[in-house]
Amino acid sequence: MPSFDEVLKEAGEFGRFQKRVFFLLCQTGVTFSFLFASVVFLGQAPGSYWCRIPGAAEFSERCGWSLEEEQNFTVLPLRLGNGSSSGECERLDMVWDASVSCASPLAHHDNRSVGNLPLVSCHDNWVYEQPHSSIVSEYNLVCGNAWMLDLSQAILNLGFLVGAFTLGYAADRYGRILIYLLSCLGDGICGIIVAFAPNFTVFLIFRFLQGVFGKGTWMTCYVIVTEIVGSDQRIVGIVIQMFFTVGIMILPGIAYLVPTWQGIQLAISLPNFLFLLYYWVVPESPRWLLTRKKGEKALKIMHNIAKHNGKYLSPHYSEITISNDEVSNPSILDLVRTPRMRRNTLILMYAWFTSALIYQGLVMRLGIVGGNLYLDFFISGAVELPAALLILVTIDRIGRRLPFGISNIVAGIACLITAFLPEDIPWLKTTVATLGRLGITMAFEIVYLVNTELYPTTLRNFGVSLCSSLCDLGGIIAPFLLFRLAAVWLELPLIIFSILAVVCGLLVLLLPETKGISLPETVEDVEQLS
């Protein structure tokens, strides 16, 4: 009986059918990038804000003041008494009642008495210039609560982490397309609930769940695409990540056009429901069906692929070789039980962690320069496109391993040079730092491809999801590492980044080259890779 790769070659390795499925699933990369980076716009600074004195709202309404007049009368006493205070995080410990005159509310306080009034921290009486522009103003994530904004992103990354374990396992056990569709449904529903969350606790719970389902859509669509094309076309996995970059470039446009955070949240969540239509056009992975002893279903799908590609399967393709191994459910132990699987797993975990930590660290570092948020964010996405183009040019000519290692080493050296460049030539410092980001972006995109090629079909979705969970851990650690070390020395994070990247570049050279080889079907196939 012919093997699956032989049947795929006869049916067309990247024909009209695969191109259609590939294009449809690529849209998942756009929506996942929206979720991944949305906190930048959901959590925008709400403009100016100030703390109200108790009773000021009723008093202002009685006196017929505008909001600007109320702000002047509320903040002015605080500035008279304490010139260092802006009135954002503290207020005077006083109450405006009926005894205060509308014409001159400060008349009974001379400068000295105002200065003697005690200050108290503001807790929930903030007034915002743009009250519904972001979750910061919606849930009062300012002053002592500012850390909660970072918590919201950490919770999302935690959701990615849980989704990698649970839905990665489920996709290997119950099927790729089933978990993909359920993840799209869950992503959309949770996104809507997040937009209308009545309080911050509900917001965090469903943002976590949206992270779980969002990771399920991204990882599963990537695996489906990789499994239905031939070995020479697996670089389509790199092109999927170009759609992630396209999403990064589209997001600031959405945020610019939609004035409220609820509108932005709905705009990035609702497209997930459109992906449910894929039920009728995207088949289950025939590779996965073979591992579950469902050869007839797999062959039926292959006939359909051949028909759409304008090919015809010969009559002797009436059966496909099925592994004699018993059907088993994926286990973490399977990833480390044999020597080469163990080596691959540990190196790939470190590569995922390093790529995410350095990538997010460099993005945040470049973002500190200020300027136009929408334009800067667009440009930061645009500089990632050359990374994908470099991969497409090199990866089929010289293989995966060498570009993987070199990109990490270049990123590490660029970070090291940037750390010691003088501050008086900022253009050179920014240019070298951008080169570092280009290198780590290449490494980040290659690790996706290599990870899918180094695991057998029985463990592929689970293995990719488990290893990429270290990416989410890196995303959680990145802001804390960057800002804590920068407080000691501004360039210290770059030194750490350079060490991590160079070590990663050397380690990935120990992985086997996967250029042009068939995807491994079993653990034994992986052990035979040299």
Exposure rank, largest accessible area first [H123, H308; 1.4 Å]: H123, H308
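Going by average Cβ neighbours within 10 Å, how do the peptides 391-398, 191-198 rank, with the highest at the top?
Details: 391-398: 15.9, 191-198: 18.8.
Output ranking for 391-398, 191-198: 191-198, 391-398.
222 nm [θ] for the chain, helices only, -39500 (n - 2.57) per DSSP H run of 4+, per residue, to 500? It would help to have the intermediate numbers written out before the result.
Details: 23 runs with 348 residues, N = 530.
Mean residue ellipticity, 222 nm, calculated: -21500 deg cm²/dmol.
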Inter-site label distance for L506 and L346 at 7 Å from Cα along Cβ, in nm: 1.5 nm
Long-range amide H partners of W126 with built H, under 5 Å: R52
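On a 1.4 Å probe surface of the protein chains, which of E453, E138 comes out largest in accessible area, and what is the full order? Don't skip to the answer; put the middle values down first.
On the way: E453 0, E138 60 Å².
Most to least solvent-accessible, the answer reads E138, E453.
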Ratio of the Cα radius of gyration of segment 362-452 to 2.2 N^0.38 Å, where N counts its residues: 1.16
Kyte-Doolittle mean at least 1.0, axial Cα span of 15 Å or more - DSSP H helices of the chain: 176-195, 200-227, 236-257, 385-398, 401-420, 460-488, 492-507
Inter-probe distance in nm under a simple model that places probes 7 Å from Cα toward Cβ, at L185 and S66: 5.3 nm
Distance between modelled label sites at D424 and I332, nm, 7 Å Cα→Cβ extension: 5.5 nm
Heavy atoms of D424 accessible to a 1.4 Å probe, total area in Å² rounded to 10: 120 Å²
Correct choice for Rg/Rh (Cα atoms, Kirkwood Rh) that was computed from the model, options (i) 1.08; (ii) 1.01; (iii) 0.99: (i)
Rounded accessible area of R292 (nearest 10 Å², 1.4 Å probe): 40 Å²
Area accessible to solvent at E513, 1.4 Å probe radius, in Å²: 60 Å²
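Please compute the net charge surrounding D187, taking Lys and Arg as +1 and Asp and Glu as -1 over other residues with Cβ under 13 Å from its Cβ.
Numbers: positive: R207, K215; negative: none.
With Lys, Arg at +1 and Asp, Glu at -1, the net is +2.
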I250/I517 FRET efficiency (R0 51 Å; Cβ-Cβ; nearest 0.05): 0.90
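Multiplying the sequence separation of E88 and Y174 by 0.36 nm and subtracting their Cα-Cα distance, what value in nm do you get? Please list the in-between numbers first.
Details: separation 86, 0.36 × 86 = 30.96 nm, distance 5.28 nm.
25.7 nm is the gain from fully extending E88 to Y174.
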Debye-sum result for segment 159-273 in log10 I(q)/I(0), which assumes one identical scatterer on each alpha carbon, at q = 0.14, 0.15 Å⁻¹: -0.65, -0.73
Burial order of peptide ranges 3-11, 516-524 (average beta-carbon count within 10 Å, highest first): 3-11, 516-524
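The values are calculated or read from the model by the stated rules, or taken from the named source; none is laboratory data. All values derive from a computational prediction rather than experimental measurement. With ideal geometry, Cβ positions are generated from the backbone for all residues, glycine too; neighbour counts draw on all protein chains shown. Heads up: the accessible areas ignore ligands, DNA and RNA and are worked out on the full protein's heavy atoms, side chains in. Shrake-Rupley method; radii C 1.70, N 1.55, O 1.52, S 1.80 Å.
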